[in-house]
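Let me begin by presenting the structure, written as structure tokens, before commenting on it.
The values are calculated or read from the model by the stated rules, or taken from the named source; none is laboratory data. A quick note: this is a predicted structure, and the numbers were derived from the prediction, not measured. Neighbour counts are summed over all protein chains in view; Cβ atoms, including those assigned to glycine, are modelled from backbone coordinates with ideal geometry.
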Amino acid sequence: MHTSPVAGLVDTSLADMSPLGLFDHACRRLLERGQEFTDTVLHKIRTEVPYYADPVLAPSDLRRSVDTGIRHALEAALDPGRIVDVERYTRELGIRRAEEGRPLDEVLHAYRVAGSECWSGVVSAVERDGIGDARQLVHVAEVVWKHNDRDAVMLADAYRQVAKGVASRHTERVRLILAALLETQNEPAFTRDAATILDLPIDGRFAVAVVRAMPPYGHVPDGVPDVRGVRILRQTRGPRDVLVAHLGDLPLDAFVSGLVPGPGLRIGISPVVQGLDSLPRARDMADLAVDTCRFDGEIARLDSRLPDGLLVSRPDLSAALAHQVLRPMYDLEPADRDTLFDTLRIWIENGGSAAHAARHMYCHRNTVLNRLRRFEQITGMVLSRPRDLVQLTLALDAHLLLGPAVALGTGGAGYE
């Protein structure tokens, strides 16, 4: 794994306090740190990418690969003539990981984590040495990340060439091709070749399901579900499976009906998409859907949980909303607070009918109304006002999806 070069970015004639001078200084500092900085990046990769944290799944040359990639990238940032080393290494890395059968999305994930950690190292080096305002680095950040994105495409292209031409066994070839299709930035020529190899219509109707195993009891089942009239391809990604379903003319329900979440499993399902080139978007939507599951054994269709999908797609804003609306509720005793939360939730789920909510909760209608009035008094929100009701509903859903910490302001949202 390596970070991106910034060929030609550094001009030594500039003053040390310029943005480029700061960047130059930071790159030299990181090179001086050597193995210590390699260990920092390696730790970040293993923390952020579970596949690379697994001693069985992770590449055996991971440390050497990270160290070499960092060194090439920093040296190329300081000397534009070294850019060829980075390009050669990037292509070799893509080829090697494809030949080893590493999932492309995991390789790219680790690559981007490494790039992000190297950028954090640059900022930290400037701040630690006190040579200038680290905020000035924003002037070079765009160029840095453009190079990073370029190298990611280069790596993926090398990987895909292997997936198309080197994998000899058909099952291995299918696995590599499917992994590449589920990523972004596929060229039309690659998609056409993939359709031929996988025997799938390039403009067919597809849906994607993500099956996630929840520790400690969840285990992703072997094989694929048997759904009449639906062809399903499977890609294993560590503790989760990605199922790609070619629906033909069948509705999404036909696919959903064949999925059974076993113990410790949660399943998220994308809406129907048109064409193989839409698979990356469908995979992202299935990932989002599975994030809306609150309990093991759930099947979540994103098309029926769009508000929840919005909340989990921006947990920082969701946490800020929950904190803003629900923070006063946490001054109550836990049992009292939970009763009011349950009452509001059940009242909303029953269409705002106090009578229906009372029957569901085995209490009197007036009890429900009194609790709702207390909720209004504590939060300052009015349930009869449409905008207040929308905010309360979304805040309550954020609390249920993301946990109580978001309303207390301890969930990492960064808002006050």
Just one listed residue, out of VAL107, VAL144, is crowded, with 18+ Cβ neighbours inside 10 Å and closer than 21 Å to ARG33 by Cα, and it is VAL144
Margin query: Being buried (at least 20 other Cβ atoms within 10 Å of the Cβ), modelled with pLDDT of 90 or more and either at positive phi or charged (D, E, K, R) (or both) is the requirement here; does ARG385 meet it?
Written below: no
Turns out the helices (runs of 4 or more DSSP H) fully within segment 45-137 with at least 1 residues that are free of Cβ contacts under 8 Å to residues at least 12 places away in the same chain and hydroxyl-bearing (Ser, Thr, Tyr) are 104-129
- Query: Just a yes or no: is a residue in segment 350-367 closer than 27 Å to ASP291 by Cβ and either assigned to a helix (DSSP H, G or I) or at pLDDT below 95 (or both)?
  - Reply: yes
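The rows are residues; the columns are (1) in contact (Cβ under 8 Å) with a residue 24 or more places away in the chain; (2) in contact with a Lys or Arg (Cβ under 7 Å, 6 or more places away or on another chain); (3) buried (at least 18 other Cβ atoms within 10 Å of the Cβ); (4) over 19 Å from ALA282 (Cα atoms).
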position: LEU182; (1), (2), (3), (4): yes, yes, yes, no
position: ARG192; (1), (2), (3), (4): no, no, no, no
position: PRO201; (1), (2), (3), (4): yes, no, no, no
position: PRO215; (1), (2), (3), (4): yes, no, no, yes
position: HIS219; (1), (2), (3), (4): yes, no, no, yes
position: ASP222; (1), (2), (3), (4): no, no, no, yes
position: VAL227; (1), (2), (3), (4): yes, no, yes, yes
A careful count of residues in segment 375-406 that are under 12 Å from PRO307 (Cα atoms) and either in contact with a Pro (Cβ under 9 Å, 6 or more places away or on another chain) or among the acidic types (Asp, Glu) (or both) gives 5
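In this structure, is ASP193 of a type outside the set (A, V, I, L, M), farther than 27 Å from GLY101 by Cα and not assigned by TED's automatic domain parsing to the domain that holds GLY101?
Numbers: of a type outside the set (A, V, I, L, M): yes; farther than 27 Å from GLY101 by Cα: no; not assigned by TED's automatic domain parsing to the domain that holds GLY101: yes.
Answer is no for this residue.
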When restricted to ALA245, ALA179, the only residue of a type outside the set (Lys, Arg) and modelled with pLDDT of 90 or more is ALA245
Considering segment 262-303, residues that are modelled with pLDDT of 90 or more and of a type in the set (Gly, Ala, Ser), and then whichever is surrounded by the fewest Cβ atoms within 10 Å (Cβ to Cβ), we arrive at GLY275
When restricted to ASP397, ASP388, ASP342, the only residue over 25 Å from ARG314 (Cβ atoms), under 36 Å from the mean Cα position of the chain (by Cα) and among the charged types (D, E, K, R) is ASP342
When segment 353-377 is checked residue by residue, the ones that are in contact (Cβ under 8 Å) with a residue 24 or more places away in the chain and surrounded by fewer than 17 Cβ atoms within 10 Å (Cβ to Cβ) are ARG374
Residues of segment 326-337 being of a type in the set (Asp, Glu), in a helix (DSSP H, G or I) and either outside the structural domain of LEU401 (by TED's automatic domain parsing) or modelled with pLDDT of 90 or more (or both), in sequence order, are ASP336
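Could you say whether any residue in segment 39-50 is modelled with pLDDT of 85 or more and over 30 Å from ALA134 (Cα atoms)?
Within segment 39-50, one or more residues are modelled with pLDDT of 85 or more and over 30 Å from ALA134 (Cα atoms).
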Does VAL208 count as touching a strand residue (DSSP E or B) at 6+ places or on another chain (Cβ under 6 Å), under 24 Å from GLN161 (Cα atoms) and surrounded by 18 or more Cβ atoms within 10 Å (Cβ to Cβ)? no
